[in-house]
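I am attaching a structure below and will ask some questions about it afterwards.
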Amino acid sequence: MPAVLGFEGSANKIGVGVVRDGAVLANPRRTYVTPPGTGFLPGDTARHHRAVILDLLQEALTEAGLTSQDIDCIAYTKGIAGRLTIEEHTWSLARSEWPAALCYHHYTTTPAPPFTSLTFPSSVFPSVCRILTPISIPLGPGMGAPLVSVAVVARTVAQLWNKPLLGVNHCIGHIEMGRLITGATSPTVLYVSGGNTQVIAYSEHRYRIFGETIDIAVGNCLDRFARVLKISNDPSPGYNIEQMAKRGKKLVELPYTVKGMDVSFSGILSFIEDVAQRMLATGECTPEDLCFSLQETVFAMLVEITERAMAHCGSQEALIVGGVGCNLRLQEMMETMCQERGARLFATDERFCIDNGAMIAQAGWEMFRAGHRTPLSDSGITQRFRTDEVEVTWRD
């Protein structure tokens, strides 16, 4: 009965989860929220994650009723999958903000020296650190600085507790959590988030990508649209757009760009950035109308390519994962499509759609049982870690 501790912090969410044999024992999470009209910068997000991650670790252990002796493996997000347009950033952090041992070789493959003088809370790191079993961390993709912040902690915990380490692909984490929670067996997956938009299906030990965005992700499009209208980021731009869209009454025609199995959202965003203020000033539409129109347009594009992938695969199941997947209007449109095809839709709520530590723990649990391990020399992070790069040895 292996228990896996998972760390996720590839964007503005930071979470620590514990999973044991298909049961989510704990899944606490924090969100870095910025003022309306702004996004979140990598350095600021990393500082937020570093400030709360140890409290989250203690909270997860307490909620799960476990100690380090009960954990079998540590999992972390190694990176995020997708055709990304994320800007490259240089991580410049004040090393005084971390215990000295944690600042050693963030990006190198050289193993860090033994950690002998860490200033971690004794409640989390007792003299005999054997509380958790496996520890998993996301390998990628994501924002460099937050990813590194989480990976450094995961590496440290794994070494202090003498536990195996597992680097997890972020998208694989979403898929495996979705399969666990919903019971979907072999679905066509629509993966929609702030950093990725992909249509995926499993075949021959790989999650194959059938279609994806050719520029920005759908979640990024929604987030940047929210900045145009100065929509609040609390609890998230997408959630607030969804609520405003319910009050929209007019469908504004927006660019609809599907190219075979791929989609493009940059043109829609550019169009809105160009005309929104003029249309609002002249009374042609309301902010609620724009929210409604944007959702209807981009979600129709996603439904179209998902249905095409299902037809190609002969699939009778569709699974929505990723932060945008908890949007009820998207679920409603996907449900209509599935009913017309005689298929079933599977989706989860915000506890498991939005980035969380339990999804990394669950993917780590599957990998751990299949014999995967991540050597310390390969325990870095990457912002270019595609879904189909992972060999899925735990599935038939």
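Going highest first, how would you order 48-54, 35-41, 2-8 by mean Cβ packing within 10 Å?
Values: 48-54: 19.7, 35-41: 13.6, 2-8: 30.4.
Going by the mean number of other Cβ atoms within 10 Å, highest first, we get 2-8, 48-54, 35-41.
Another one. If each residue of separation counts as 0.36 nm, what is the full-extension length gain between residue 389 and residue 344 once their alpha-carbon separation is subtracted?
13.4 nm
Let me ask another. Separation between the residue 21 and residue 162 pseudo-spin-labels, each 7 Å from Cα along Cα→Cβ, expressed in nm?
Using points 7 Å along Cα→Cβ, the separation is 2.5 nm.
Now for a separate question. When the chain is fully extended, how far beyond the present Cα-Cα distance does residue 332 get from residue 34, taking 0.36 nm per residue of separation? Could you put the intermediate results ahead of the total?
Numbers: separation 298, 0.36 × 298 = 107.28 nm, distance 2.96 nm.
Here the answer is 104.3 nm.
Continuing with the same structure: Using the heavy atoms of the protein chains alone and a 1.4 angstrom probe, what is the accessible area of region 184-353 per residue in square angstrom?
41
Taking the mean number of other Cβ atoms within 10 Å as a proxy for protection, how do you rank 316-323, 293-300 from highest to lowest?
Result, highest mean Cβ count within 10 Å first: 316-323, 293-300.
Tell me which lysines have Cα within less than 28 Å of residue 78's Cα, excluding those fewer than 8 residues away on the same chain?
13, 163
Then there is this: So for each of 160-170, 261-271 I average, over its residues, the number of other beta carbons within 10 Å; can you give me the resulting order with the highest mean first? Can you show the working numbers first?
Working: 160-170: 25.0, 261-271: 18.8.
Output ranking for 160-170, 261-271: 160-170, 261-271.
Give me the lysines in straight-line cross-link reach of residue 250: C-alpha distance below 27 Å, same-chain residues under 8 apart excluded.
Straight-line reach from residue 250, under 27 Å: 230, 259.
Using a Förster distance of 30 Å, how high is the FRET efficiency between residue 369 and residue 62, based on the Cβ-Cβ distance and rounded to 0.05?
Details: r = 26 Å, r/R0 = 0.86.
Once the sixth-power term is evaluated, E becomes 0.70.
Here is a further query. For labels at residue 304 and residue 253 in the simple 7 Å Cα→Cβ model, what's the distance in nm?
Label-label distance for residue 304 and residue 253, simple model: 1.5 nm.
While we're on this one: For region 184-353, just say rounded, prolate or oblate: build the C-alpha gyration tensor, square-root its eigenvalues into a ≥ b ≥ c, call rounded for a/c under 1.5, and beyond that prolate if a/b exceeds b/c, oblate if not. If you can, show how the numbers build up before the last one.
Numbers: a/c = 1.98, a/b = 1.83, b/c = 1.08.
Judged from the Cα gyration tensor, region 184-353 comes out prolate (a/c at least 1.5, a/b above b/c).
Of all the accessible heavy-atom surface of region 142-242, with the other protein chains kept in place and a 1.4 Å probe, what percent is carbon and sulfur? Display every interim value, and only then the final one.
Values: 1210 of 2660 Å².
Result for region 142-242: 46 percent of the exposed heavy-atom area is carbon or sulfur.
Take residue 312 and residue 270, extend 7 Å from each Cα along the Cα→Cβ direction, and tell me the distance between the two endpoints in nm.
Taking the two extended label points, one gets 2.6 nm.
Could you tell me the relative contact order of region 184-353? Use alpha-carbon pairs under 8 Å, at least six residues apart, and round to a whole percent. Don't skip to the end; give the middle numbers.
Working: 305 pairs, mean separation 45.9, N = 170.
In percent, rounded to a whole number, it is 27.
So, with +1 on the Cβ of K and R and -1 on the Cβ of D and E, and no other charges, what is the size of the charge dipole of region 206-263 about its Cα centre, to the nearest 20 debye? Show your work: numbers first, answer last.
Numbers: 10 positive and 7 negative charges, 39 e Å.
Its charge dipole is roughly 180 debye.
The values are calculated or read from the model by the stated rules, or taken from the named source; none is laboratory data. Since the model is a prediction, treat every value here as computed from it, not as a measurement. So basically every Cβ, Gly included, is an ideal-geometry build from the backbone, and we count neighbours across all protein chains shown. These accessible areas exclude ligands, DNA and RNA; they are computed on the full protein's heavy atoms, side chains included. Shrake-Rupley method; radii C 1.70, N 1.55, O 1.52, S 1.80 Å.
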